[in-house]
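No lab work stands behind these numbers, since they all come straight from the coordinates. Quick caveat: nothing in here was measured; it's all calculated off a predicted structure. FYI the Cβ positions are ideal-geometry reconstructions off the backbone, even for glycines, and counts take in every protein chain you see.
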Amino acid sequence: MTAITLLAAEKPETRPAGAATYEQVAVAARLRAATEALSVLQDRAPQEQHYASRFAMGLLSAHVDPADWSSAGLPIDPAPPPQGDHLVPVSHAAVLCLAHCAMQLYAVELRVADRPAHWARLARFFARRLPMPTRELVRLHERALNARVDAGDTSGEVVSNLLAAFDYHRVADGEDAYLTGLARANLSLAYQQRHLGKDMAIATTLAEEEARARTARYGSRHPVTLVARSLYALSLIVQAEAETDKTELRALAGRALAEITEVRTVRDRLFGVTSPVATRSRRYEARALILLGELDKARACLECTLIFEKARNGSREPQSCGQTHYQLGRVYQALGDQSEAREHAQRAQRILSDQNPGGHEARKAAALVSELGGG
């Protein structure tokens, strides 16, 4: 099958042809501008993202042809159908881009386990209304696949479709295009999480290729490059955690630590220590330190991570907090403090099970709790 066939969801609807009015063109341009403005809020505090998502949904409700947005997974309150020549067709690319942005902001409020269904509904909604292939629709399908990977679904269907998306961008955009690079990184993460057979070798190769390509194009400290370097460091960490040869384990962990420490330092400066990317890097740094036996440093690193996560999220406990508690449980177990280890493991199990009860991380946390005698 071709990438286009794999990514197509349903046969698109037809729409009567007609020239767009000046008002429609102007409104579409404003929707595009709103999308660009709102997209920069995707790493802000949850409350800010909540308001931004509702603002985006309000624009869709007020300026787009009447549509059942609830069927697209967006909780837009029913309202009297908007009317006028200024309304933009649902099939317009600007509408898809704004809806995509609205879902990214809204998904933060959802459990990790619930996000794939919402992204799938949005992808099906637009697949019925847009001709295939369009670059925007392909990217929406990719985001729906990424949500499944985030929730722990690395089935053959998911991986093959991510591979198809990668092939699509290589042909449509070119080997060195930014979107091709994103597809390569997405595929690397899926292989890394599946972790079967030669998956880790493939994942690390893809991540390293992408990190090198972005370094050459943007420089080693550009935010886009830092994402690829972080993924590469994580690949090394996961490899090291599965390695039985102590010499090779330390070599992998040492390379990962050097890479992620530099990434974390730059992210602290660029985005602040409470930003999600900085706390994620700090958590990866701790995992590398655990592998190297630097347990006190790992503990301090993770305790700081918890403080920064609380400062950002308040009483809300996203999946990342559960991941931090899990790593702290491992550290305290290695340090011989069973009581502290059990407390962190139990908190990790509660958070991760709430976010994604069938996920791999929730199962690991439950296993740690059982191992510590807290089940």
Report summary line: Checked against the structure, the computed mean projected area of the Cα convex hull in nm² among (i) 19.5; (ii) 29.2; (iii) 18.1 is the one labelled (i)
Query raised in the report: How big is the gap, in Å, between the Cα center of region 275-294 and the Cα center of region 311-345?
Result: 13
Query - Relative contact order of the chain, defined on C-alpha pairs under 8 angstrom at six or more residues apart (%) - result: 12
Query raised in the report: Distance from the Cα centre of region 349-375 to that of region 33-68, in angstrom?
Result: 34
Query raised in the report: Hey, got a sec? Which GluC sites (Glu not before Pro) in region 91-180 land in a DSSP loop and have at most 15 other Cβ atoms within 10 Å?
Result: Glu109, Glu175
**Report entry** Size of region 186-328 as Cα extents on the principal axes (Å, biggest first)
**Finding:** 41, 36, 24
Query raised in the report: Taking the Cβ of Ser230 as the center, what net charge do the other residues with Cβ under 10 Å away carry, scoring Lys and Arg +1 and Asp and Glu -1?
Result: +3
Report task. Enumerate the whole-percent occupancy of each 10 Å bin, from 0 to the last occupied one, for all C-alpha pair distances of region 250-325. Result -> 21, 52, 24, 2
Report task. Find how much the distance from Cys304 to Glu371 grows on full extension, using 0.36 nm per residue of separation minus their present alpha carbon separation; answer in nm with one decimal. Result -> 21.5 nm
